[in-house]
Amino acid sequence: MKTSAELREQEKPPASPRANGPGRLGHARGRGPDALRGGAAGPGRVSTGELRERKMASHGPGSLTTLVRWAAALLLALGVERALALPEICTQCPGSVQNLSKVALYCKTTRELMLHARCCLNQKGTILGLDLQNCSLEDPGPNFHQAYTTVIIDLQANPLKGDLANTFHGFTQLQTLILPQDVNCPGGINAWNTITSYIDNQICQGQKNLCNNTGNPEMCPENGSCVPDGPGLLQCVCADGFHGYKCMRQGSFSLLMFFGILGSTTLSISILLWGTQRRKAKTS
């Protein structure tokens with residue numbers, strides 16, 4: 001049996017440790033700098049370590065995936081824009097370049113060239129090959145001159161009509177031209193190194209430079225020079241410092257004098273017509 005004094009002694013609460021005791025200080029030190037700043041991190045608080053982890057997580061795989069998606073969307077947009085910017089001649093005929101055509105072979109065997117619709121383009125978008133075979137064309141069309149930079153053109157299996165001699169103005173880089181069997185090569189044998197006829201087509205190969213043909217008579221005046229202008233075509237360009245008929249005038253062309261003469265002539269004719277109309281109005 002315990003006495004009443006012993007029972008009261010047992011009911012007393014245990015003494016709490018001193019606030020400035022070594023145990024308290026050691027416990028605070030054990031909890032690190034966060035405990036010294038504001039105690040333990042409760043449910044509503046975020047410790048410095050957790051902030052670092054969250055920052056690292058924001059630059060983790062999720063952020064990389066977002067960056068990849070943005071890059072893919074940008075490349076897709078650029079690709080669509082480039083596809084929309086194709087020259088009209090490339091989409092004049094539906095479909096794409098046939099895999100076994102000479103244009104496709106040239107494009108696939110030449111570095112940095114790409115096939116788009118009916119054209120073979122370089123990275124700058126310049127047309128180097130054009131395949132319009134089997135497009136039911138009676139003439140190359142108004143957009144044909146967009147392909148003046150081409151090296152190879154295929155026009156076979158088309159009901160082409162008329163003479164193509166003046167169709168290829170400015171096609172100075174053209175080296176291979178494939179035509180229907182019944183269509184002559186522009187410029188004839190004098191404009192090409194070889195002309196080969198087959199059952200279903202005709203191939204004009206190796207465009208000649210007529211300016212280098214010593215058999216031709218002198219076509220250009222003394223102050224002009226001969227410049228190729230396509231298969232079987234050439235033009236005379238005045239030398240620097242010369243202009244006018246047969247490049248006989250020396251010096252720069254005076255725009256001020258030209259427009260002065262043109263303006264004075266127009267004004268004189270207008271005054272003459274006005275006076276004539278006035279006389280007719282008075283007599284009537």
Enumeration of residues in the range 231-284 that are of a type in the set (Lys, Arg) and not in a helix (DSSP H, G or I): Arg249
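Only one of Ile203, Ile178, Ile195, Ile199 is surrounded by 12 or more Cβ atoms within 10 Å (Cβ to Cβ), in the same structural domain as Leu130 (by TED's automatic domain parsing) and free of Cβ contacts under 8 Å to residues at least 24 places away in the same chain; which?
Ile195
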Between residues in the range 253-280 that are in the same structural domain as Gly241 (by TED's automatic domain parsing) and within 30 Å of Ala239 (Cβ to Cβ) and residues that are of a type in the set (S, T, N, Q) and not in a helix (DSSP H, G or I), which pairs lie under 6 Å by C-beta distance while being six or more apart or on different chains? none
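The values are calculated or read from the model by the stated rules, or taken from the named source; none is laboratory data. Here the structure is a predicted model, which means the values were calculated and not measured. Backbone-built Cβ (ideal geometry, glycine too); neighbour counts: all protein chains shown.
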